[in-house]
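Here it is, the structure, as structure tokens.
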């Protein structure tokens, strides 16, 4: 008698909106596969699908489609995506909530994304530099509005800003990149003078790395790092903006993205308003 009852229950669950329990199961499976992929370990997508069929009563095809929805959702959260599950953005807000729950329950995940990247750069491999999104001769992707809406709702820029391990790894990457660039131009003298200012002096300078052009001009570099895509929003402080304005010939914002895989980067120069929309997100309160 028990088995037919289970089959009836699963049949009822197999259609309609996904429940929170189902969303939590598919998101957990997704991050399990993603973690193995990022670690260079082999895994079996079909086996994960079969387990999810047992857990949810959904069909194989329905689960495959849902995993593509999860790809889109995690991209909204500035997370890397599994290769092969192309993002589909027609997902409900309950899936966003499931991703937010998983990340809240696994705080070590985002810090872990920052670990493996610096070794290769320290050996002199240059970063892949790309054109800033605002300078490309193509419109933003259709899904940009969805990505930005989720990023606002869950303060994705703030998540990146608070991820100190990610920020430090990004700065270290740029420090080695700058030294490597100068060495490749035969400027060993300048390479020795590159400073990781935020580590040596603290965060108050308005930039993280003090470097040079091959001709010897100052390069004051503020590093912003994300594991998300190139249009992921970021936080910038009033002090950083003030230094950018005062030293606009020398100051540069170095945007690192897709950090958890092969990091890419582009540079933005003042005035930043020519590239991004600046929105006040906090105010200082003082007693009169």
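For region 259-281, enumerate the residues that are crowded, with 19+ Cβ neighbours inside 10 Å and more than 19 Å from residue 208 (Cβ to Cβ).
Matches in region 259-281: 260 only.
Moving on. On the given criteria, is residue 211 in the same structural domain as residue 176 (by TED's automatic domain parsing) and either under 17 Å from residue 167 (Cβ atoms) or under 16 Å from the mean Cα position of the chain (by Cα) (or both)?
Numbers: in the same structural domain as residue 176 (by TED's automatic domain parsing): yes; either under 17 Å from residue 167 (Cβ atoms) or under 16 Å from the mean Cα position of the chain (by Cα) (or both): no.
When the stated conditions are applied, residue 211 does not pass them.
Does region 179-187 contain at least one residue that is farther than 21 Å from residue 128 by Cα, in the same structural domain as residue 269 (by TED's automatic domain parsing) and part of a helix (DSSP H, G or I)?
no
Moving on. Which number in (1) loosely packed, with under 13 Cβ neighbours inside 10 Å; (2) in contact (Cβ under 8 Å) with a residue 12 or more places away in the chain marks the one condition that residue 57 misses?
(1)
Residues being more than 27 Å from residue 172 (Cβ to Cβ) and at pLDDT 85 or above: count how many of those fall in region 135-153.
12
Within region 177-227, can you find the residues that are farther than 25 Å from residue 78 by Cα and touching a helix residue (DSSP H, G or I) at 6+ places or on another chain (Cβ under 6 Å)?
179, 182, 183, 190, 191, 194, 196, 197, 205, 210, 211, 212
Among the residues of region 91-111, are any closer than 24 Å to residue 32 by Cα, without any contact (Cβ under 8 Å) to a residue 24 or more places away in the chain and touching a helix residue (DSSP H, G or I) at 6+ places or on another chain (Cβ under 9 Å)?
At the first step, the residues of region 91-111 found to be closer than 24 Å to residue 32 by Cα are 91-111.
In the following step, the residues that additionally are without any contact (Cβ under 8 Å) to a residue 24 or more places away in the chain were identified as 91, 93, 104-105, 107-108.
Subset that is touching a helix residue (DSSP H, G or I) at 6+ places or on another chain (Cβ under 9 Å): 91, 93.
Yes, region 91-111 has at least one match.
Another question, if that's okay. Please count how many residues of region 134-168 are part of a helix (DSSP H, G or I), over 16 Å from residue 99 (Cα atoms) and in contact with a helix residue (DSSP H, G or I) (Cβ under 6 Å, 6 or more places away or on another chain).
Selection size over region 134-168: 1.
Cβ-Cβ under 7 Å, sequence separation 6+ or interchain: first residue in region 239-256 and in the same structural domain as residue 175 (by TED's automatic domain parsing) and without any contact (Cβ under 8 Å) to a residue 24 or more places away in the chain, partner assigned to a helix (DSSP H, G or I) and surrounded by fewer than 20 Cβ atoms within 10 Å (Cβ to Cβ). Which pairs?
Qualifying pairs under 7 Å: none.
Now for a separate question. Specify which of the listed residues (46, 73) is surrounded by 14 or more Cβ atoms within 10 Å (Cβ to Cβ) and either modelled with pLDDT of 95 or more or part of a helix (DSSP H, G or I) (or both). Spell out how you get there, then give the answer.
Details: 46 fails: surrounded by 14 or more Cβ atoms within 10 Å (Cβ to Cβ).
Criteria check complete, one pass: 73.
Further question: Name the pairs whose Cβ atoms lie under 8 Å apart, with the first residue in region 131-157 and in the same structural domain as residue 228 (by TED's automatic domain parsing), the second exposed (fewer than 13 other Cβ atoms within 10 Å of the Cβ), and 6 or more positions between them or separate chains?
From region 131-157, the pairs are 134/274.
The values are calculated or read from the model by the stated rules, or taken from the named source; none is laboratory data. Because the structure is predicted, anything quoted here is derived from the model rather than measured. Please note: Cβ atoms are built from the backbone with ideal geometry, for glycine as well, and neighbour counts cover all protein chains shown.
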